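Report on one structure; see the data block that follows.
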Amino acid sequence: MEKIQFDHLQETLYKATLANGLNVYILPKRGYSKTFVTFTTNYGSIDRTFIPRGSEEEMTVPDGIAHFLEHKLFEKEDGDVFQKFSVHGASANAFTSFTRTAYLFSATDKLYENTEILLDFVQEPYFTEKTVDKEKGIIAQEITMYDDQPDWRLYFGTIENLYHEHPVKIDIAGTVESIQDITAEHLYECYETFYHPSNMALFVVGAVDPDEMMNFVKKNQDAKKFKEPAEIVRKFPDEKDTVAIAERTLAMDVSKPKLNIGMKCTKTDIEGEEMLIQELSSGLVLDILFGRSSDFYTKTYNEGLIDESFSYDFTMEKGFGFAMIGSDTEQPEALEAEIRKTIRGAVENWSITDVELDRMRKKKIGQFMRSLNSPEFIANQFTRYAFNKMNLFDVVPTLEKLTVQNLQDAFATFADESGYTVYSIVPAEPAQ
Amino acid sequence: MFKKIVLQEGVTLYIRKTEQFKTVNFSVKWKTALDETKAAHRAVLANVLQDSNGRYRTQTALRNTLDEMYGTVLYTDASKRGETHLVSLYAECVNDEYLSEGGVLDDVLGLIQTTIFEPNLVDGQFDETIVNREKRSVIERLRSLYDDKTRYAQKRMLELLRPDSAASASSYGTEKVVNAMTTGDLLKAYESMLHEDEIAIYVVGDVDEQEMTEKIRTHFTFQSRPAMERKPLQQAEARQTEDIRRVREKQEMKQGKLHLGFSTPVSFRHPDYPKMQITNGVFGGFAHSKLFMNVREKESMAYYASSSYASHYGLLYVMAGIDAELEEKAVDLIKEQLQAMQQGDITDLEMEQTKALLGNGIKSAFDSARGQIEVFDQFKELDEQFTAEKMIAVWESVTKEDVQKMATEISLEIVYLLSGKEAV
């Protein structure tokens, strides 16, 4: 077991790769009564075309399958896994993103019982046609729930506009129609391909003794039989740098129009330190141009073009990336013009200096320190970073060495207007 | 868990030294009796106070300063708890120990002091431009509730169930009152909050208790004021009729938002309060509860189906997202779960799971500074010596018979369905 100390953060991380390939990370936190544990596979909604384990031929599975699989792992022959966690006082959950599926619990008692339930339920799939069909009604309601959420529609509508081919444009849960085609056999195929321990990570943070926990996990894993690790072959279509759809509007029953501008990042085939620099630099540029201390924010907030719903964000995973800026607004055209003007201004006349960078750097360092109070943040983010070959604990040293040039380079990867899209939601006409 | 220091009559400091966090958290809470006008005025006041102050006169100047102070967080919020309205000011900064150069703690204390005692006044009045802008923000926040159909349905159900009452009032007041308010109203609201409200100040972090207490004493020169009158142990509002009301409303949407409102005489200050918490847990508070197991897992009718206990108002809510055509079936199924509990159909397993998860919930809440502050601020009204362990011990003593009895004290008053126009 490797022990890595981060002196400036006063944190110690313990790490081991087990015989079956599983990466285990343990981060004890003093003073905490809960332990938060995540068991994550490097498999999400975008992994829809691949060569299944043991096959030669590439296949494309129905949309929404990674998420469907996440739901179905909770059901076993002897009932629902939530029941078992509850008996041991653990609050359990799971989520599926574009690139990951995570199973997790939080508990203040019976850590080992709960860890065992987590490891075992994820590693003992049980899918039948009957249980798969039963789940379709539940997931259909989940999809319908999201369909009624304007902010989700705005977010996903923007991504659909941005991409021609890349599966990030497909809703994580699929559609009510696409999930009807999912079978138990599909689930086993995806499971066999993506749930091998060598494609997964276990992260334990909070009240935990690292030696005891590592031994416990090792014993649990050594007692199980796994196939040899195999390389996973995923296929992604070529994607153009330009957007698929430049503008789209949807009518919904909302009180005020919503506007979202998406900007497609053209440098996404990266990982490790390069990705960390790209991601942090892009975030800093957006903070400087659009954050609460920016000229843009002051002007548009004073003029009533944006309200408290205003937000911006940079998202990046290997193979895709985008910036988004949006707000509820009575004047979508005027707001769009201001956002474009701000971006264009920075493209034509780059004015970000060391003074601004230093201020935002300090802000980001403070924000990161604050985040380290949250076991949930540490476990989820560490895993995401690790799957992209980055280290969460490099954030502060990397921030400290970023230069204005880094920011300018990162900005250039999503500042080209051919990569912009606008998605709006407008209030539906009142019914007669 | 907190050290209590009475600074003045009606002004109390609660301080907790802990090395658990990398930050120091501050919270100042102003409490007064809830009414629509006060809520509206104070919601705008909260916004205006976080916008700028006498030292940093523009939002940009203040935000730049906060960024420089290693992203120190400073914001205000308006909320309600029972019949009480609260304005809270929160600040969080990185513990000096983790900063390579210079400390920020003293600057943050200074900034909180400025925010509270030196607002951005010109000739003794708030700036009308800022006030109008923040009035607009609060109005838009009130209106935006409409876009979140689950929250909107819940609000409608509450308005129908308890009109003109604290249970259905917004902590941001109403659009009408916000619209009508003047800069003079805002100044009055500020002065009354500063001088008349009961105040609780919280500090959580790796600080020297004595030193911090002295700093707060010198920085925060609040005058004494009478503590807020607490209503004595009070029976929750009784229901008006025995009829169950059915209300259906339509919007342009896909899912049916089914919200049921139940009332109970057992409220927060009632001795049976912990028993009712367990009862809610067995009924629909968790993923092992009857609602989840039957409405979702057995019938596959919903993605979410849960209950929550609004103890301050003696109310219980059930909410589920369903296909609107299945309303009757869902309502029957929900009623059946409560009837089963009233007839004593409660297992040892359900009791064990519910107690374990309530215990986990409260202990986990204490793993964040904000959680420590919010949970303690609420429960100290029942017991100044409140701890998670004490609460857990009380839950442990609750029996199946208690839960059965509590279930008979829950009665359905309203079934509300918000659904799409094309549905039945």
Mind running the shape call on the range A:75-122? Use the C-alpha gyration tensor, a ≥ b ≥ c as the square roots of the eigenvalues: rounded below 1.5 for a/c, prolate if a/b tops b/c, oblate otherwise.
-> oblate
Separation of the range A:52-116 and the range B:248-274 by C-alpha centroid, Å?
-> 31
Going through A:Lys84/B:Lys257; A:Lys134/A:Lys224; A:Lys299/A:Lys341; B:Lys17/B:Lys215 one by one, the pairs whose alpha carbons sit over 18 Å apart turn out to be A:Lys84/B:Lys257; A:Lys134/A:Lys224
Per DSSP, loop chymotrypsin sites (Phe, Trp or Tyr not before Pro) in the range A:264-355 with at most 16 further Cβ within 10 Å = A:Trp350
Shape call for the range A:335-432 from the C-alpha gyration tensor, a ≥ b ≥ c root eigenvalues: rounded (a/c under 1.5), prolate (a/b greater than b/c) or oblate?
-> oblate
Give the Rg (one decimal place) followed by the Dmax (whole number) of the range A:266-373, computed from C-alpha coordinates and expressed in Å.
-> 14.9, 42
How big, on average over all directions, is the shadow cast by the Cα convex hull of the protein assembly as shown, in nm²?
-> 34.6
Evaluate the charge dipole of the range A:247-427 about its Cα centre and quote only its size in Debye, nearest 20, assuming +1 on the Cβ of each Lys and Arg and -1 on the Cβ of each Asp and Glu.
-> 340
Output the antiparallel fraction of DSSP beta bridges having both residues in the protein assembly as shown, as a percent to the nearest 5.
-> 80
Could you put B:Trp395, B:Trp30 in order, starting from the residue whose Cβ has the fewest other Cβ atoms within 10 Å?
-> B:Trp395, B:Trp30
Binning at 10 Å from 0, report for the range A:247-427 what percent of all alpha-carbon pair distances ends up in each bin.
-> 9, 35, 35, 19, 2
On average over all directions, what projected area in square nanometres does the range A:1-147 have, based on the convex hull of its Cα atoms?
-> 12.0
Net charge contributed by nearby residues that have their C-beta within less than 15 Å of A:Lys341 (K/R +1, D/E -1) | -4
Subtracting the Cα-Cα distance from 0.36 nm times the residue separation, let me have the gained length for B:Asp348 to B:Leu145 in nm, one decimal.
-> 69.0 nm
Hits among lysines - C-alpha to C-alpha of A:Lys362 under 19 Å, sequence gap 8 or more where chains match | A:Lys401, B:Lys22
Between the range A:339-402 and the range A:1-21, how many Å separate their Cα centres?
-> 23
Taking Cα atoms only, helix B:36-51 is inclined relative to the longest principal axis of chain B by an angle, in degrees rounded to 10, of 50
Gaussian network model of chain A, Cα within-10 Å springs - most flexible of A:Ile306, A:Ile232, A:Ile182 | A:Ile232
Can you check what the net charge comes to around A:Lys235, using other residues whose Cβ is under 10 Å from the Cβ of A:Lys235 (Lys, Arg +1; Asp, Glu -1)?
-> 0
Report, in cubic angstrom per residue, the convex hull volume of the C-alpha atoms of chain A.
-> 159
With runs of 4+ DSSP H residues as the only contributors, calculate the mean residue ellipticity of chain B at 222 nm using -39,500 (n - 2.57) per run, divided by the residue total and rounded to the nearest 500.
-> -12500 deg cm²/dmol
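Over the range B:246-318, what lengths in whole Å, largest first, do the semi-axes of the equivalent ellipsoid take, defined as the square roots of 5 times the eigenvalues of the alpha-carbon gyration tensor? If you can, show how the numbers build up before the last one.
Values: eigenvalues 126, 60, 11 Å².
Each semi-axis is the square root of five times an eigenvalue, giving 25, 17, 7 Å.
If eta is 0.890 mPa s and T is 25 °C, what Stokes-Einstein diffusion coefficient results for chain B, Kirkwood Rh from Cα pairs, in µm²/s?
Details: Rh = 23.6 Å.
So the translational diffusion coefficient is about 104 µm²/s.
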Counting other beta carbons within 10 Å of each Cβ, put A:Tyr420, A:Tyr14, A:Tyr112 in order, fewest first.
-> A:Tyr112, A:Tyr14, A:Tyr420
Say the cut-off is 25 Å between C-alpha atoms; which of A:Lys34/B:Lys80; A:Lys110/A:Lys389; B:Lys290/B:Lys400; A:Lys34/A:Lys225; B:Lys80/B:Lys400 go over it?
-> A:Lys34/B:Lys80; A:Lys110/A:Lys389; A:Lys34/A:Lys225; B:Lys80/B:Lys400
Calculated Rg and Dmax of the range B:245-420 using C-alpha coordinates, Å = 16.8, 50
What is the helix-to-structure angle for B:348-365, meaning the angle in degrees between its Cα long axis and the longest Cα principal axis of chain B, kept from 0 to 90 and rounded to the nearest 10?
-> 10
Only Lys, Arg (+1) and Asp, Glu (-1) charged, at Cβ; the protein assembly as shown dipole about Cα centre in debye = 1400
Quick note on A:His166, B:His85, ordering by fewest other C-beta atoms within 10 Å, gives A:His166, B:His85
State, in angstrom, two size descriptors of the range B:3-219 derived from its alpha carbons: Rg to one decimal place and Dmax to the nearest whole number.
-> 18.3, 57
How far is helix B:128-144 tilted, in degrees, relative to the longest principal axis of the Cα atoms in chain B, given as a value from 0 to 90 rounded to the nearest 10?
-> 20
Net charge near A:Arg359, counting Lys/Arg +1 and Asp/Glu -1 over other residues with Cβ under 15 Å of its Cβ?
-> -4
Determine the shape class of the range B:1-105: with a ≥ b ≥ c the square roots of the Cα gyration tensor eigenvalues, call it rounded for a/c under 1.5, and otherwise prolate if a/b is greater than b/c, oblate otherwise.
-> oblate
Candidate aspartates and glutamates - alpha carbon under 13 Å from B:Lys298, same-chain residues fewer than 8 apart omitted | A:Glu75, A:Asp80, A:Asp133, A:Glu135
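Where does each of B:95-108, B:331-344, A:148-161 land if you order them by average Cβ count within 10 Å, highest first?
A:148-161, B:331-344, B:95-108
Read the figures in this text as sums done on the coordinates, not as results from a lab. What you see is a predicted model; the values in this text were computed from it and never measured. Don't worry about glycine lacking a Cβ; one is built from the backbone with ideal geometry, like all the others, and counts go over all protein chains shown.
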